[in-house]
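The structure under discussion appears below in the form of structure tokens.
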Amino acid sequence: MGAAGRDFHNFNVYFRGNDTYEVVAFTAAQIPNIDDRRYPAELAGDLYPDGIEIHPEEDLEELIQERRVQQVVFAYSDVSHVYLMHIGSRVNAAGADFRLMGADSTMVASSKPVVSVCAVRTGSGKSQTTRRVVKILKSMDQRLVVIRHPMPYGDLVAQKVQRFATLEDLDKHDCTIEEREEYEPHIQAGNLVFAGIDYARILAAAEQEAEVILWDGGNNDMPFYRPDLFLCVADPHRPGHELRYHPGETNLRMANLVVLNKMDTADPADVETVRRNIAMANPGALIVECDSPLTIEDAGGAAAENAIRGQRVLCVEDGPTVTHGEMPYGAAHVAARRHGAALIADPRPHAAGSIRATFEKYPHCREVLPAMGYGEAQMRELERTIDAVDCDLVLVGTPIDLARTLKINKPALRVRYELREREPGQIETAIRRVLT
């Protein structure tokens, strides 16, 4: 059971070529347009000359019964423990065993040092933490390669091993908005990025060019590679989630270092709740207290405040964060409130096509427009939605320059979080201990 990422990885490293098992199907969830296709024979190996079917998750019980399934492996991320056990109950009621695979079965060892950045929930602040780690490694003259968690929404064979060195590579690989959000900031910072489907082959290719591997995690999934230094980011805007979501709690318990993020904008009581939970779950972890100051690009300081104050603003936010990440706001919304926007527009009445379906599925999204872009058609629907909203200014809280991908017919500013350690140097010290 997966979402076109962890499921393929678990298959590749454990089940492919393993004749003890016959994998009869994948199921797909969370991401649109990834079911009703096949995991291709070129990737599935000699035991599967016809590839492997991919079905909607709704077919779960029917597949168990028709294929006489004995074991179901759950393999996607950012789900509540309650949701996870509802799935387990469905599986058990249909007669099959329910399985979660751990580190020893799924983590690939590297010949290079691996620094991993993961989180307890989607939207906790992995991106700014990763940017901080990159700066530290570069200051140490380490030749690093970033390997990003998979987002294989297109041609799976073509995406087996992907290498991104320039922005033109994003066009070459027909990257969606979701992919661009993760790859583009690295490329602009001069980082070489690998991603794709087959993470053993990806690692082998990356090791040829790297002194250090930086694993840039997706959602709140576990690392695909065994880390020498494991950073986990916790979010006090969602206190208690660090113990209630899978596999984020696993990350929290495995981490060497926990970044307690967004302290400057969180309620102090919520910060203390998260701090207590970290100490209870992982008393040996170093807790690094961090703020997440906002930066507004294309306008600086007072100019940014003046550009937003009194304006009717549309807030476009990172899609996963405000959808299955369950955050009702993101960086753009925080900036709009902080800098005195006269109105935050409700995009729901103007939603086009699948964007309308997104709002129906995630009703907590009221004053934000998720930057959904899992394919060309959905990107155009997002564009039409932005065009239709009556506003003076678009604040874009996504990691990428959305104007490079979409035609936005209104003035737009980009909003980003950065990472600022309250006690500078803690992350660098931890990295140096691993690399020296």
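The values are calculated or read from the model by the stated rules, or taken from the named source; none is laboratory data. Every value quoted in this text rests on a predicted model; they were computed, and no experiment measured them. Cβ: placed from backbone, ideal geometry, glycine included. Neighbour counts: every protein chain shown. Remember, those area values only see protein heavy atoms, side chains included, never the ligands or the DNA or RNA. Shrake-Rupley method; radii C 1.70, N 1.55, O 1.52, S 1.80 Å.
Does Glu423 satisfy the criteria of being within 23 Å of Val271 (Cβ to Cβ) and loosely packed, with under 15 Cβ neighbours inside 10 Å? So Glu423 passes the test. Residues of the range 402-436 that are among the charged types (D, E, K, R), assigned to a strand (DSSP E or B) and over 18 Å from Phe230 (Cβ atoms): Arg414, Arg416, Arg420. A single entry from Ala109, Ala96 fulfils the requirement of being over 30 Å from Tyr183 (Cβ atoms) and either of a type outside the set (Asp, Glu) or open to solvent by less than 50 Å² (accessible area, probe 1.4 Å) (or both): Ala96. A Cβ distance below 7 Å, combined with a sequence gap of six or more or placement on separate chains, defines the contacts here; from the range 262-283, residues that are under 13 Å from Gly240 (Cα atoms) reach no residue that is aromatic (Phe, Trp, Tyr) and open to solvent by 50 Å² or more (accessible area, probe 1.4 Å).
Among the residues making up the range 301-332, those that are in contact with a Leu (Cβ under 8 Å, 6 or more places away or on another chain) and open to solvent by 20 Å² or more (accessible area, probe 1.4 Å) are Ala307, Gln311, Arg312. Inside the range 14-50, residues that are under 24 Å from Val108 (Cβ atoms), assigned to a loop (DSSP other than H, G, I, E, B) and modelled with pLDDT of 95 or more make up a count of 13. Here is a list: Ala103, Ala75. Which entry is more than 25 Å from Gly330 (Cβ to Cβ), open to solvent by 10 Å² or more (accessible area, probe 1.4 Å) and within 22 Å of the chain's Cα centre (by Cα)? Exactly one residue qualifies, and that residue is Ala103. Quick one: is Glu58 farther than 28 Å from Arg121 by Cα and either modelled with pLDDT under 95 or open to solvent by 80 Å² or more (accessible area, probe 1.4 Å) (or both)? In short, no. Looking only at residues in the range 112-124 that are under 23 Å from the mean Cα position of the chain (by Cα) and open to solvent by 10 Å² or more (accessible area, probe 1.4 Å), the one that is nearest to Tyr225 (Cα to Cα) is Pro113. Scanning the range 214-237 for residues that are under 20 Å from Glu184 (Cβ atoms), assigned to a loop (DSSP other than H, G, I, E, B) and open to solvent by less than 10 Å² (accessible area, probe 1.4 Å) gives Gly217, Gly218. Name the residue that is nearest to Asp155 (Cα to Cα), counting only residues in the range 196-213 that are out of contact with any Ser or Thr (no Cβ under 7 Å at 6 or more places or on another chain) and assigned to a strand (DSSP E or B). Filtering the range 196-213 for residues that are out of contact with any Ser or Thr (no Cβ under 7 Å at 6 or more places or on another chain) and assigned to a strand (DSSP E or B), the one nearest to Asp155 (Cα to Cα) comes out as Gly196. The sole residue among Arg275, Arg312 that is within 17 Å of Pro236 (Cα to Cα) and modelled with pLDDT of 95 or more is Arg275. Residues that are farther than 21 Å from Pro113 by Cα, aliphatic (A, V, I, L, M) and either modelled with pLDDT under 95 or open to solvent by less than 30 Å² (accessible area, probe 1.4 Å) (or both) are absent from the range 238-245. Residues in the range 319-376 that are of a type in the set (Asp, Glu) and closer than 24 Å to Ser127 by Cβ were compared, and the one that is modelled with the lowest pLDDT is Glu326. Residues in the range 125-153 that are at positive phi and open to solvent by 40 Å² or more (accessible area, probe 1.4 Å): Asp141 alone.
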